[in-house]
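Since the structure comes first, as structure tokens, the remarks are kept for the end.
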Amino acid sequence: MPRTASAAVRLLLVERAAELLARRDPVTLRALVEGTGASTMAVYTHFGGMPGLWRAVRQEGFTRLAARLDQVRPTSDPVHDLAALGAAYVDNALANPALYRAMYDTVADLDDPQAAAGAFGVLVSAAARAREQGRFAKGADPEDVATQMWAAGHGLTMLAITGVLPREALMVHAPAILTALFVAAGDDDDEERCRRSVQTGWLM
């Protein structure tokens, strides 16, 4: 089988496994390969078995997240950039809802844990730049800001993905939450400036 075709089958199995998990359907070898044109042996060929498949599902989620965050180009406004990263995080989750729900299931280990740490590190670096440029208070901890941002974003995103909130609610609530978080971190000299930075970043 050509390498490109092999990679396509591997990705197809990863996405199908994530979809089955999201639907709470039984994840069996037969269910995984149904309609894919692959045999049940493909799970062993590509992943070494089901445990390897679960690791690959989580890894793919973080791989796509990292790729989406990497599309956010830094500007001269670090608060804008933080909001843009938040919007990219949500955009990735809405584009890959099944993978998003699976990537935080820590039952399976990651083959490359740095993929998850790297995505978080992007937020920490942006928050540190906001502190360095005087937008956040000197006492603001970039890791704390990033953690609060990630936690709030994850909760709101999950509510939208699972249908508890309409997706349109993200456009209303996410910028308001980020503005409040950044003002609390010290961007309170001009709250309207903070709000503008968040709004323009979120709409990127």
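The values are calculated or read from the model by the stated rules, or taken from the named source; none is laboratory data. Here the structure is a predicted model, which means the values were calculated and not measured. Cβ placement follows ideal geometry from the backbone for every residue including glycine, while neighbour counts extend to all protein chains displayed. When the accessible area is computed, the model is the full protein with side chains, heavy atoms only, and any ligands, DNA or RNA have been set aside. Shrake-Rupley method; radii C 1.70, N 1.55, O 1.52, S 1.80 Å.
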So which residues in region 1-28 are over 22 Å from residue 107 (Cα atoms), in a helix (DSSP H, G or I) and not aliphatic (A, V, I, L, M), if there are any at all? 3, 4, 6
Would you point out the residue of region 97-127, among those that are over 12 Å from the mean Cα position of the chain (by Cα) and closer than 15 Å to residue 147 by Cβ, that is surrounded by the fewest Cβ atoms within 10 Å (Cβ to Cβ)? 121
What are the pairs, 6+ residues apart or on separate chains, where a residue within region 158-170 that is within 12 Å of residue 90 (Cα to Cα) has its Cβ under 8 Å from a residue that is part of a helix (DSSP H, G or I) and among the aromatic types (Phe, Trp, Tyr)? 161/100
Residue under question is residue 86, and the condition is that it be buried (at least 18 other Cβ atoms within 10 Å of the Cβ), within 30 Å of residue 193 (Cα to Cα) and modelled with pLDDT of 90 or more; does it hold? yes
Just to be sure I understand the filter: pairs with C-beta atoms under 9 Å, separated by 6 or more residues or on different chains, first member in region 178-193 and in contact (Cβ under 8 Å) with a residue 60 or more places away in the chain, second member charged (D, E, K, R) and part of a helix (DSSP H, G or I). Which pairs pass? 187/193
Confirm whether residue 131 is at pLDDT 95 or above, touching a Gly at 6+ places or on another chain (Cβ under 8 Å) and open to solvent by 70 Å² or more (accessible area, probe 1.4 Å). yes
Among the residues of region 176-188, is there at least one that is at pLDDT below 95 and within 30 Å of residue 25 (Cβ to Cβ)? no
I'm checking my understanding of the structure. Among residues of region 135-163 that are part of a loop (DSSP other than H, G, I, E, B) and modelled with pLDDT under 95, which one is surrounded by the most Cβ atoms within 10 Å (Cβ to Cβ)? 162
Could you list, in sequence order, all residues of region 29-49 that are in contact with a helix residue (DSSP H, G or I) (Cβ under 7 Å, 6 or more places away or on another chain) and in a helix (DSSP H, G or I)? 29, 31, 32, 33, 42, 43, 46, 47
